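The values are calculated or read from the model by the stated rules, or taken from the named source; none is laboratory data. What you see is a predicted model, and the numbers here were worked out from it, not measured in a lab. Here the Cβ positions follow ideal geometry from the backbone for every residue, glycine too, while neighbour counts run over all protein chains shown.
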Amino acid sequence: MLTVLDSINLSTEYLKNKGIESPRINAELILAHILKLKRLDLYLSFDRPLKEDEIVLYRQFLKRRSEFEPLQYILGTVNFFGLDFKISPAVLIPRPETELLAEEIINEFKDQEFIKILDIGTGSGNIAITLAKFLPNSIIIATDISVEAIAIAVENAKSNGVSDKIIFAVNDIFSSENLTENNFDVIVSNPPYITSQDFKNLSKELKDYEPKAALTDSSNGLSFYDIISSKCNIYLKKGGKLFFELGYGHSENVQEIMKKNHFISISVKKDYQNIDRIIRGEFL
Ligand code: GLN
């Protein structure tokens, strides 16, 4: 008979030997997911024996994790800004830094009567859905080049109860075909900003599992900042605001790109690691 505690100990050892960081937390989170418990509630169930089907599933999930598949894809959901998002390898795993981006916009516009927002590269829909939820007077258009990503974002909007506030569209920002909507008050994007050089050195978890097109522009990491800033004259109102998440080391370059494209009052906010992370500007 294998108890919860035995299996956590064994699998911690297994993941540790495979080189997985924080093996115990990984082992506990996977088991908690299978048993439909909160992680800390495992501690109240240490003596509970595992059923055969639970053991089979646990082994499968541990094997996937040992091959460096991100925990979030194995569990299939992520919490972002207190909301639950379904994810798959078709979408970038939402990151805590990106919560800062959503938070900035919510703080700036929470008292505004009506606000029309464009989210470019929506992925799982995490930014668009969070904004729809916390800015009740908003209407949002969310685009992505990936049909699979849009399908997941649509599901997430439904499960979070904001389907009526977001229009999702498959769109390539680099194509010459324009969106039918314009006159946005806000444009937001967390673009693929990793340089082709840095991409080579990413961890296995990112490089082998997350969608490459969501991570890197396969160039200098600035192409999306460039194209989005330059298309603001089509999509953004005069006086409208542009918000980006910044990749490491891009702060000055992106400030230059925004200035060149007629943005003023540009400001940058750091993340918890003291790295320039969010940039915003006002369109002249
Ligand atoms: N908008 C999503 C996020 O911020 C996806 C971004 C992306 O795919 N680059 O997590």
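Structure values in brief
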quantity	calculated
Residues that are without any contact (Cβ under 8 Å) to a residue 24 or more places away in the chain, in a strand (DSSP E or B) and under 26 Å from the mean Cα position of the chain (by Cα), drawn from region 259-284	Ile266, Ser267, Val268, Lys270
Verdict on Glu205 being more than 19 Å from the chain's Cα centre (by Cα) and surrounded by fewer than 21 Cβ atoms within 10 Å (Cβ to Cβ)	no
Residue within region 58-70 that is without any contact (Cβ under 8 Å) to a residue 60 or more places away in the chain, within 16 Å of the ligand (Cβ to nearest atom) and more than 12 Å from the chain's Cα centre (by Cα) present	no
Unmet criterion (only one of (1) touching a residue at least 12 places away in the same chain (Cβ under 8 Å); (2) over 30 Å from Ile20 (Cα atoms)) for Thr180	(1)
Only listed residue being closer than 28 Å to Lys204 by Cβ, out of contact with any strand residue (DSSP E or B) (no Cβ under 9 Å at 6 or more places or on another chain) and not β-branched (Val, Ile, Thr), chosen from Asn253, Asn220	Asn220
Ile20 being touching a helix residue (DSSP H, G or I) at 6+ places or on another chain (Cβ under 7 Å), crowded, with 16+ Cβ neighbours inside 10 Å, part of a loop (DSSP other than H, G, I, E, B) and not aromatic (Phe, Trp, Tyr)	yes
Region 1-17: number of residues that are more than 17 Å from Arg39 (Cβ to Cβ), touching a residue at least 40 places away in the same chain (Cβ under 8 Å) and surrounded by 14 or more Cβ atoms within 10 Å (Cβ to Cβ)	2
Every residue from region 133-152 that is within 18 Å of Ile87 (Cα to Cα) and assigned to a helix (DSSP H, G or I)	Val147, Glu148, Ala149, Ile150, Ala151, Ile152
Filter result (surrounded by fewer than 16 Cβ atoms within 10 Å (Cβ to Cβ) and within 15 Å of the ligand (Cβ to nearest atom)) within region 98-119	Glu103
From Thr130, Thr122, residue being within 13 Å of the ligand (Cβ to nearest atom), among the β-branched types (Val, Ile, Thr) and in a loop (DSSP other than H, G, I, E, B)	Thr122
Identity of the residue in region 155-182, surrounded by 15 or more Cβ atoms within 10 Å (Cβ to Cβ) and among the β-branched types (Val, Ile, Thr), that ends up farthest from Lys110 (Cα to Cα)	Ile173
Subset of region 228-241 that is in contact (Cβ under 8 Å) with a residue 40 or more places away in the chain and crowded, with 17+ Cβ neighbours inside 10 Å - its residue that is nearest to the ligand (Cβ to nearest atom)	Ile228
Cross-chain or 6+ apart pairs with Cβ under 6 Å, region 184-195 first and more than 8 Å from the ligand (Cβ to nearest atom), then among the acidic types (Asp, Glu)	Val188/Asp119
Condition met for Glu155 (away from the ligand (no atom under 14 Å from the Cβ), at pLDDT 95 or above, assigned to a helix (DSSP H, G or I) and not polar (S, T, N, Q))	yes
